[in-house]
Amino acid sequence: MTIPLESSADSTQAAGIALMREKLDFINSNYIPEEHQAQVRADIDNYMERQLTVRDKSMKRMLDNELDYAKFLKDGPRIEEAQENVSAYAQGNYRAQIEIWQVMAISESTEDTQVMTDKLTQWYSRISYRDAEQDEQFDTLISSWQQFVEKYQK
């Protein structure tokens with residue numbers, strides 16, 4: 001039995017990263033003096049880039065390890081699947097890569113918190129490989145985001 005390297009955990013993690021970005025942008029827009037917002041925005045961009053780089057390196061390491069393990073087992077179908085995943089990753093077509101780009105685009109597409117929440121929820125609802133646990137985690141992320149906005153919106 002193979003362990004699916006792509007799971008809805010990737011999707012909720014991607015949503016969590018996008019919502020972290022939203023919270024930082026929200027604080028910057030609502031609480032940082034206008035004359036400092038450009039610098040804070042650059043700092044947020046740098047921070048998020050580091051977060052995405054760490055996630056990306058971890059994903060690459062995981063895929064390489066899965067391929068090595070499949071080779072160790074001499075499991076032909078598993079080797080083929082792992083090689084396909086490594087290849088998709090190298091080409092930028094790995095599902096988890098696409099999802100993070102999608103949610104970051106959603107995050108950057110609007111400053112309206114409700115529109116962003118709606119778009120993110122619509123995006124997540126189209127994921128076919130979700131399970132109840134991941135749905136609960138996603139709902140918790142959205143609920144936490146909405147509570148944050150309600151508490152800190154001026």
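The values are calculated or read from the model by the stated rules, or taken from the named source; none is laboratory data. In this text, all values refer to a predicted model and were calculated from it rather than measured experimentally. Reconstructed Cβ throughout: ideal geometry from the backbone, glycine too, with neighbour counts over all protein chains shown.
Residues of the stretch 35-49 include none that is of a type in the set (Asp, Glu), buried (at least 17 other Cβ atoms within 10 Å of the Cβ) and either at pLDDT below 95 or within 25 Å of TRP123 (Cβ to Cβ) (or both). Within the stretch 110-121, the set of residues being surrounded by 17 or more Cβ atoms within 10 Å (Cβ to Cβ), within 14 Å of ALA14 (Cβ to Cβ) and either acidic (Asp, Glu) or free of Cβ contacts under 8 Å to residues at least 40 places away in the same chain (or both) comprises just one member, LYS119. The listed residues are GLU80, GLU66, GLU99, GLU84, and the only one of them that is at pLDDT below 95 and not hydrophobic (A, V, I, L, M, F, W, C) turns out to be GLU99. Filtered by the rule that a residue be part of a helix (DSSP H, G or I) and surrounded by 15 or more Cβ atoms within 10 Å (Cβ to Cβ), the stretch 122-135 gives TRP123, TYR124, GLN134, ASP135.
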